[in-house]
């Protein structure tokens, strides 16, 4: 399964992909819930700082990740933390966050098991619409990879 992107590759302002082997069978939603189940304190503080600064620019607060059980399956159009669910299946979870400054899409994709292991890929794509979006992505773009790698350790 290939990752979905928020726009054509040439129109993206940011693209990041990371992956990890998954030893036990799981769905894309279970992977999301596992990744977001243990958020380090520094990341929670970073979300609070982001919300504090962004509030001055009329950007909606995101409040970070909440602990969630994968037993209740969200539907397309429902929110999962600060993301909107665009697509959901056992093998793929596509989430977006859009405002007047940028559009973000996270595509979580599980490949078919090989030798008893699946591979989970997390692809984040961003399209900026204005100067604020581009400025916002300067620190976020640098921090995104380490944050995703830290969250993938929860798997």
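No value in this document is a laboratory result; all are computed from the given coordinates. None of these values were measured; they are calculated from a predicted model. For neighbour counting, all protein chains shown are included, and Cβ atoms are generated from backbone atoms with ideal geometry for every residue, glycine included.
Each listed q (0.09, 0.18, 0.21 Å⁻¹) maps to a log10 I(q)/I(0) for the chain from the Debye sum over equal C-alpha point scatterers, namely -0.28, -1.18, -1.59. Computed over the chain with a Gaussian network model linking Cα atoms closer than 10 Å, the most mobile of 114, 98, 68 is 114.
For the options 76, 104, 126, a Gaussian network treatment of the chain with springs between C-alpha atoms closer than 10 Å singles out 76 as fluctuating the most. For the chain, the longest principal axis of the alpha carbon atoms and the long axis of helix 41-55 meet at an angle near 40°. Averaging the sequence gap over all C-alpha pairs within less than 8 Å and six or more residues apart, then dividing by the number of residues, gives the stretch 19-109 a relative contact order of 25 percent. A simple spin-label model places the labels of residue 99 and residue 73 3.2 nm from each other, with each point 7 Å out along Cα-to-Cβ. Once you have a ≥ b ≥ c as the square roots of the Cα gyration tensor eigenvalues for the stretch 1-80, tell me rounded if a/c is under 1.5, and otherwise prolate or oblate according to whether a/b is larger than b/c. Oblate is the answer for the stretch 1-80, as a/c is 1.5 or above yet b/c matches or exceeds a/b. Cβ-Cβ distance of residue 63 and residue 119, R₀ of 22 Å, FRET efficiency by 1/(1 + (r/R0)^6): the value works out to about 0.15. Angle of helix 131-152 to the longest C-alpha principal axis of the chain, folded into 0 to 90 degrees and rounded to 10: 30°.
Residues considered: 129, 47, 57. Largest GNM mean-square fluctuation over the chain, using C-alpha springs under 10 Å, is found at 57.
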